[in-house]
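**Q** Structure incoming, see below.
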Amino acid sequence: SPGEGFVVKVRSKVTGTTMELRDIAMDFQYGEAFTESSPEAYERLVLDVLIGDRTLFPDAAEVEQSWKVIDPLQEAWAGTRPEPYRAGEWGPRAADEMLARDGRAWRRA
């Protein structure tokens with residue numbers, strides 16, 4: 001697969017006495033970290049089929065069980081829309097209200 005790996009972006013305090021934050025990225029790419037070549041996109045799946053390894057292939061019961069979890073969520077969300085908020089804000093007011101109901105608050109950095 002192209003671009004195998006992951007990037008984690010975090011906001012970190014710059015060393016020193018000022019309260020300055022800077023966005024940084026922790027980047028891991030398999031191709032740069034390992035010299036061994038990875039299998040082609042479906043090579044692993046085809047091999048698993050040939051040797052009878054069903055680990056990556058859910059059976060009908062697993063699929064049905066998954067939909068028992070997903071269907072109620074889709075139905076509950078069908079008539080709702082996310083509360084909008086402006087770019088650069090901490091999030092929608094409803095997020096603060098949700099935590100406040102339990103006497104909690106978001107930690108702002």
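**Q** With the crude spin-label approximation of a point 7 Å out along Cα→Cβ, what separation in nm comes out for TRP67 versus VAL14?
**A** Between TRP67 and VAL14, the label points sit 5.5 nm apart.
**Q** Can you sort TYR85, TYR42 so the residue with the fewest Cβ neighbours within 10 Å comes first?
**A** By the 10 Å Cβ count, ascending, the order reads TYR42, TYR85.
**Q** Here are several values of Rg/Rh (Cα atoms, Kirkwood Rh): (1) 1.39; (2) 1.17; (3) 1.11. Which one was derived from the coordinates shown?
**A** The calculated read-out lines up with (3).
**Q** By how many degrees, between 0 and 90 and to the nearest 10, does the Cα long axis of helix 60-77 differ from the longest principal axis of the chain?
**A** 20 degrees
**Q** Counting Lys and Arg as +1 and Asp and Glu as -1, each charge on the Cβ, what is the dipole of the range 15-84 about the Cα centre in debye, to the nearest 20?
**A** 200 debye
**Q** Oh, and also: Kindly give Rg over Rh for the range 58-109, based on alpha-carbon atoms, with the Kirkwood expression for the hydrodynamic radius.
**A** Details: Rg = 16.9 Å, Rh = 14.2 Å.
In the range 58-109, Rg relative to Rh is 1.19.
**Q** Want the number for ARG86 to ILE24: 0.36 nm per residue separation, take away the alpha-carbon distance, what's left? Write down the numbers at each step before the final one.
**A** Numbers: separation 62, 0.36 × 62 = 22.32 nm, distance 2.30 nm.
Net length gain for the segment: 20.0 nm.
Rule-based calculations on the coordinates, nothing more; no lab input. Just so you know, these numbers come straight off a predicted model, no measurement behind them. In this analysis, Cβ positions are derived from the backbone assuming ideal geometry, glycine residues included, and neighbour counts consider all displayed protein chains.
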